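Shown next, in structure tokens, is the structure this report addresses.
The values are calculated or read from the model by the stated rules, or taken from the named source; none is laboratory data. Note that the structure is predicted; figures quoted are calculated from it, not measured. So basically every Cβ, Gly included, is an ideal-geometry build from the backbone, and we count neighbours across all protein chains shown.
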Amino acid sequence: MRFGLTFGIVACLALASLLPTGLFLYVEPRGRNLWAKAGDSPSTRRAPALVRVTSWMSFLLGQVAIPWLLLPAVCAAFLYLQARLGIWKPVAMASTATAGVLALVQAALAIPLIPLGVRLLMRDAGACDRAASRARFVAMTNAGILGAVVALEWAMVNVPRFVHPWLGTALDWAVLRPEMMFGGACLAHALLLGRSARAAKT
């Protein structure tokens, strides 16, 4: 059972990395001349490793952000079920709606990372200037989202009658835990993006 779960996770990660890796392999060679330095050669000419890793992560997170738009739809389905089953409460409805809005914000922040990753590899001066300030904004926003998600999950687990038990379990596993993982990845990427933008300008 544990082996099957591990294999499934590894397989999903491998599939998710196909498109970002293909895009990276298409774009990266076309920007190598823009990273030329005195005394280098065409065989060694390329962007710094930090920039390449950040760009690949940009493609991965931007790709994941597109199906991530399903999470608000899941929250909408939970809201509908609460109303239909007659177990809705203002706090539970607000918690479900908040989780959906947070997922929507995460997706909106991550989708533009795809063109940003391309411009970073191509050493676009304007994009590099904007990337530093964007990295700070994205880092602060994702830190706030992570804090809100953790607080919401804590309340559902520890506050009696905060939400209906089935709703708390479903919302936790279907929405909140994925949001925490994605938010953590986006926060790490934002920190790398700030450093990559500075490396691209030197």
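Can you name the residue in the stretch 113-132 that is crowded, with 20+ Cβ neighbours inside 10 Å and of a type in the set (Gly, Ala, Ser) and, of all such residues, is nearest to ALA36 (Cα to Cα)?
If we take residues in the stretch 113-132 being crowded, with 20+ Cβ neighbours inside 10 Å and of a type in the set (Gly, Ala, Ser), then GLY117 is nearest to ALA36 (Cα to Cα).
List every residue pair whose Cβ atoms sit under 6 Å apart, with the two residues 6 or more apart in sequence or on different chains, where the first one lies in the stretch 64-83 and is under 12 Å from GLN106 (Cβ atoms) and the second, anywhere, is not in a helix (DSSP H, G or I).
ALA65/ILE111
Residue-wise test of (1) in contact with a strand residue (DSSP E or B) (Cβ under 6 Å, 6 or more places away or on another chain); (2) small (Gly, Ala, Ser); (3) touching a residue at least 60 places away in the same chain (Cβ under 8 Å); (4) on the phi > 0 side of the Ramachandran plot.
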position	(1), (2), (3), (4)
GLY147	no, yes, no, no
ALA151	no, yes, no, no
TRP173	no, no, no, no
LEU176	no, no, yes, no
LEU187	no, no, no, no
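Under 30 Å from ARG30 (Cβ atoms) and in contact with an Asp or Glu (Cβ under 7 Å, 6 or more places away or on another chain): which single residue out of LEU121, LEU116 fits that description?
Values: LEU116 fails: in contact with an Asp or Glu (Cβ under 7 Å, 6 or more places away or on another chain).
Being under 30 Å from ARG30 (Cβ atoms) and in contact with an Asp or Glu (Cβ under 7 Å, 6 or more places away or on another chain) holds for just one of LEU121, LEU116, which is LEU121.
Going through TYR80, TYR26 one at a time, which residue ends up being over 22 Å from LEU193 (Cα atoms), assigned to a helix (DSSP H, G or I), of a type in the set (Phe, Trp, Tyr) and over 16 Å from the mean Cα position of the chain (by Cα)? Break it down stepwise before answering.
Numbers: TYR26 fails: over 22 Å from LEU193 (Cα atoms).
TYR80 is the lone residue from the list that is over 22 Å from LEU193 (Cα atoms), assigned to a helix (DSSP H, G or I), of a type in the set (Phe, Trp, Tyr) and over 16 Å from the mean Cα position of the chain (by Cα).
Each row is one residue, and each column tells you yes or no for (1) in a helix (DSSP H, G or I); (2) within 21 Å of HIS189 (Cα to Cα).
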residue	(1), (2)
THR21	yes, yes
ALA47	no, yes
ARG52	yes, yes
MET57	yes, yes
ALA65	yes, yes
ILE87	no, no
THR96	yes, no
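Any idea which of ALA197, ALA170 is modelled with pLDDT under 95, touching a Cys at 6+ places or on another chain (Cβ under 8 Å), over 11 Å from ALA99 (Cα atoms) and among the hydrophobic types (A, V, I, L, M, F, W, C)?
From the options ALA197, ALA170, the qualifying one is ALA197.
Among the residues of the stretch 67-85, write down those that are surrounded by 20 or more Cβ atoms within 10 Å (Cβ to Cβ) and farther than 25 Å from GLY184 by Cα.
None; the set is empty.
Can you say whether ALA110 is among the small types (Gly, Ala, Ser), touching a helix residue (DSSP H, G or I) at 6+ places or on another chain (Cβ under 9 Å) and either touching a residue at least 24 places away in the same chain (Cβ under 8 Å) or buried (at least 18 other Cβ atoms within 10 Å of the Cβ) (or both), as far as the supplied structure shows?
In short, yes.
How about the stretch 101-156: which of its residues are among the hydrophobic types (A, V, I, L, M, F, W, C), outside any helix (DSSP H, G or I) and at pLDDT below 95?
Result: MET122, single match.
Would you say ASP172 is within 30 Å of LYS201 (Cβ to Cβ) and among the acidic types (Asp, Glu)?
no
Can you tell me which residues in the stretch 157-178 are over 18 Å from PRO90 (Cα atoms) and either of a type in the set (Lys, Arg) or not in a helix (DSSP H, G or I) (or both)?
Matches in the stretch 157-178: ARG177 only.
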